[in-house]
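Let me begin by presenting the structure, written as C-alpha cells, before commenting on it.
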Amino acid sequence: MSRFFTTGSDSESESSLSGDELVAKPVGGNYGKQPLLLSEDEEDTKRIVRSAKDKRFEELTNLIKTIRNAMKIRDVTKCLEEFELLGKAYGKAKSIVDKEGVPRFYIRILADLEDYLNELWEDKEGKKKMNKNNAKALSTLRQKIRKYNRDYETQLTAYRQNPEQSADEDEDKKSDDSEGSSSSGEDDDEGMSAAAFLKKKEGVGEGRAKFLKKMEDEDEDEEDSDDDEDWGSSDSEVKKDQSVYSFLTRTGTEEDKKVLEKKREEKAKKKQDRKSKKYEDDEDDNEGGEWEKVKGGVPLVKEKPKMFAKGTEINHAVVVKKLNEILQARGKKGTDRAAQIDLLQLLVGIAAENNLGVAIDVKIKFNIVASLYDYNPNLATYMKPEMWQKCLDCIDELLDILFAQPNIFIGENIAEDSENLSNSEQPYRVRGCILTLVERMDEEFTKIMQNTDPHSQEYVDHLKDEARVCKIIERVQTYLQDKGTTEEICRIYLRCILHTYYKFDYKAHQRQQGPAGDSKSEQDQAENEAEDSAVLMERLCKFIYAKDRTDRIRTCAILCHIYHHALHDRWYQARDLMLMSHLQDNIQHADPPVQILYNRTMVQLGICAFRQGMIKDAHNALLDIQSSGRAKELLGQGLLMRSMQERNQEQEKIEKRRQVPFHMHINLELLECVYLVSAMLLEIPYMAAHEFDARRRMISKQFHHQLRVGERQPLLGPPESMREHVVAASKAMKMGDWKTCHRFIVNEKMNGKVWDLFPEADKVRGMLVRKIQEESLRTYLFTYSSVYDSISMEILSDMFELDLPTVHSIISKMIINEELMASLDQPTQTVVMHRTEPTAQQNMALQLAEKLGSLVENNERVFDQKQGTYGGYFRDQKDGYRKNEGGYLRRGGYRQQERQSNY
C-alpha cells in the first residue's frame, strides 16, 4: 500500500486500489525519484520518458531544498558543501540553461543565500557563538557567493526589485517539497517533472494544496478538502480516457484557473504577512542599532552597581584586585573590548571618588590606553576616530598627572610586587612605560593616514591631529630629559626627527632671504622666534650620533638629517654627510623601512643637486631609482601590479603597512622630469661627440627608450605630456637650436606640472636656461665642427646669448679634454678647426679594430670562465683599453698622431 493512500484519500479510492501494485523503474538514472505506481486497472506496465531538462532541474531543486534546510538550522558548513555541489550541477545543466534561460528558482536561492550570509556576518554576537568550522565556512562561502553572483547581477537586481512575481512559484515549490516527503504512491506525483516541481500545471496544483499546510488555519483545510473532491472526480475521468503522460500534461478549465488563481493570491498574501511579521520580530531581536528600545540598556549599565558588592570598603587592594579581574579577560575570545574600556574608565571614577591617590589613577590609565590599542585585534586595521580621540585625551591626562606629581616614578622594569600605589610618604612607583605608549600612538596615527583617502576632507581633518601628536611627543621628550635614560631619550628624539625632517621651513627660508617685516599676529611672532628646524635637527641628531648604541636609530637619524639638508638646498653638507656615513655600502642589509628612507633621501639629494646646477651629480643620485622602473614602490608610495607568484596576499599586506602617508610623498612626475632633463643635458652632447664611435655607451637607458618611443610615432603633433616635452627638447638640442629646446622645457604647461613646485622656481628656471645654452653650444660644435674651418667666438656668443668669457671657457675645456680638435686664435678671437675626420678607408679600419677588440675580449672571457679566473684585464681596464691604449678610438686621434710625427 502506498503512503499516498494513508494520508486521507476517500473510501472509493481505497477500495478500487486494493490489489497488488505494479512498479516500473524510470529511465535515466536515479535522482532520488520514487518508483512509478499504477493502478491495477492498467493491464500493461508503462514507462515514463523524461527529458534532460526535467532531470537536471530536479537535481538542482533537490540541492536547493538541502541548502534551505541547512539555512534553517544555521549549518553553514552544510550550506558550503551543498553550494559547491549546486555549482557543479548547474554546470552540467549549462546547455539547457543557455536554451531556456536561467531558472527563476536558481536566482532566488542565490539572492536568499547571499542575504542570509550577510545577515549572519553582521550579527557580531552570533558569530562569536559559532563553532570554528561554521565560522570558517561562513567566511569562505560569503566570498564565494559574492564572486559567483557577479555573473547574475542583472537577474538578482530584477528579482530583488520585484520578488512578489515568484510568490506563486515559491508556494508551489514548498508544496511539492513537503509532498515529496509525505506522498509517493500517486501517478501524477511520480511522473512530475522538475519543471512542474517548481511551476505546476494549474489543474494538478489545485488538488495538491491539501498536503501543504498542516500548520494553516481551519479555513484553508476546508478549502483543501473541497479541492480534493474536485480533484478525485477529475482524476477518475482522466484515468478512463487518457494515459499517464496525457494526465501529466492536462490543463484545467477556465473556471478552475480562476478559482485557483484567487486561492493562490490569498495564500501569497498570507505568506507575505507571515514573512513581514517574522522579519520584524527578528529585526527587533537581532538588530545591533536598536539598543535604545531595550529597557535594560547595554550590559555595562547593568554591571555598574555590580562593580563592588554593596557595603564593600573601597581601598587600594580592592581596586587593584578588580583591575586584575578586568585585565584577565583581555585577549580572550568573546571578550567585549568596548565594555572592558568602559569598565576601566568606571574604575577610574570610583578610585577618584574614594580619594585613592594619583598613583592608582596612573596605573588604571596605562591599562586604558593599552586596551584602546588592543581594540582592533588586526594589525592592518586602524583606530576609529572616536577611539583615536579618546586615546589622545587619555595620554594627555596621563602626562598632566606625571608633570603635576614629580614624586611618581614609572618604568617597565618596575615589578608589580615592588609597586607603591598607596604609601604617600615614599615616592610612588608604578609599572608602565610612557615612551612605549607614545610610540604606539605615533604608529596608529601613521596607520590612520595610510588608510584614509588622501583626496578627501577626512584626510585633512586627520592631518590636523599631527600638531597634537607632535605636542605630545614634545611633552614626553621634556619629561624623559629629566627622568629618562639615554636610550629612551634617543628613541623619543627619533620620533621628533621623523615628524620634522620632511617639512620645508618657510619661516627660516624667509628669514634667510631678507629681514622679516612686522608680523601680523602674535602667532606669527611666536613662529618667527621659535627654533629653526635646521638648528633643531642639528641638536637632536648630534645627540643621537654621540649617545646611541643601536645602529638603526643612528642610521635613521643620519638619513633624516641628509634629507633635511637637501630639502633646504644645503647641498654640500648633505653630500658630505652621505659620503662620510658610508651608508651606501651596507644599506642592503637594513630592514625595508630604513631602505625606503634611504631611497627617499637619495631622491631628495638628487633633486637638490639639480637645483644647484650639479647635473651630473643629480643624474647619478637618481639613476638607481629611475632605472629600476619601480620608483613608486621603492619610495613606499604605492604598490605595482604583480602576479601572485612574485607576491602573495600576506606579503602584500605587509608592504601596504610600510607605505608612506600621502602628505610625505615625493612628486613622481617631478622626479622623472628632473631625471630626464639631467639625462638630456648629459646624453645629447655625448651622442654628438661619439657619433662615429661604435662602442659608445648609453648614459641613461630610460632616456634612450623615450627617444625611441618618440621616433616610432607615425604622427608628431605638439607635445602634451612631460615626457613628450623632454623628447621634443632633445631633438631641438641635437640640432643646436637652444631657443626651441628652451621653449619645450620651460613653458606654461611645464611650469604648472613641474617647475613651479620648487621653492625658488625662478632661480631653477634661470639655471635651466643657462645649462641649455651651454650644452647646446657644445652639441653645436660637436655636430658642425666638420663644416667650419674657423668660427668666431663672438658669433657663437651672439648665437647662444652667452657672454664671451663663458664661450671661451667652454671651448677651452673641450680642447683640453680632447673632445674638440681645434685651437684658439687669441688675437682674432676665433676657433680654428683641425680636419680630424677619418676617410672612408680609415673608418673601415676603425670598425675592423673595434670588431677585433670585441672578438679578443669575448675570447678571453670564454677562456677565463673555463679556467675560473675571469675578471682580470678586460673587466678592470676596459675603459683604459678604450681611451688610453688606443688613440684611434678617440675622435680624431689618428690625425693627431700623424700631426705629431710631422712636428
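The values are calculated or read from the model by the stated rules, or taken from the named source; none is laboratory data. Remember, predicted model here, so these are calculated numbers, not experimental data. Cβ coordinates were reconstructed from backbone atoms using ideal geometry, including for glycine residues, and neighbour counts include every protein chain displayed. To get the accessible areas, we keep the full protein, side chains included, count just its heavy atoms, and leave off ligands, DNA and RNA. Shrake-Rupley method; radii C 1.70, N 1.55, O 1.52, S 1.80 Å.
For this structure, a couple of remarks:
- Over 22 Å apart at the Cα level, from the set Lys384/Lys503; Lys78/Lys127; Lys632/Lys734, are Lys384/Lys503; Lys632/Lys734.
- Look at the alpha carbon pairs under 8 Å that are at least 6 residues apart: their mean separation over the length of the stretch 306-414 gives a relative contact order of 23 percent.
- Here the stretch 54-153 yields Rg over Rh of 0.99, to two decimals, using C-alpha coordinates and the Kirkwood radius.
- The stretch 372-423: C-alpha gyration tensor shape, a/c 1.5 cut-off, then a/b vs b/c: oblate
- Among the protein heavy atoms of the stretch 357-450, carbon and sulfur supply 47% of the accessible surface, probe 1.4 Å, non-protein parts ignored.
- Across the accessible surface of the stretch 701-840, with the other protein chains kept in place and a 1.4 Å probe, carbon and sulfur atoms take up 55 percent.
- Between the stretch 652-731 and the stretch 485-502, the Cα center-to-center distance that results, in Å: 38
- In sequence order, calculated HN-Hα J values of the stretch 54-66 (Karplus, 6.51, -1.76, 1.60; Hz; x Gly/Pro): 5, 5, 5, 5, 5, 4, 5, 5, 5, 5, 4, 4, 5
- Cα centroid separation - the stretch 46-66 against the stretch 805-836, whole Å: 97
- Coil-residue GluC sites (Glu not before Pro) of the stretch 310-411, DSSP, other Cβ within 10 Å capped at 12: Glu313
- Rounded to the nearest 10 square angstrom, Ser422 shows an accessible area of 70 square angstrom against a 1.4 Å probe.
- Long-range amide H partners of Gly411 with built H, under 5 Å: Val430, Gly432
- For the pair the stretch 408-456 and the stretch 84-116, the centres of their Cα atoms are 56 angstrom apart.
- Residue-wise HN-Hα couplings along the stretch 392-404, as the Karplus relation 6.51 cos²θ - 1.76 cosθ + 1.60 with θ = phi - 60° gives them from phi, are 4, 5, 5, 5, 4, 4, 5, 5, 4, 5, 5, 6, 6 Hz; Gly and Pro carry x.
- Surface share of carbon and sulfur [accessible, 1.4 angstrom probe, percent] for the stretch 75-151: 46
- Using every pair of distinct Cα positions in the stretch 714-799, the Kirkwood expression returns a hydrodynamic radius of 14.2 angstrom.
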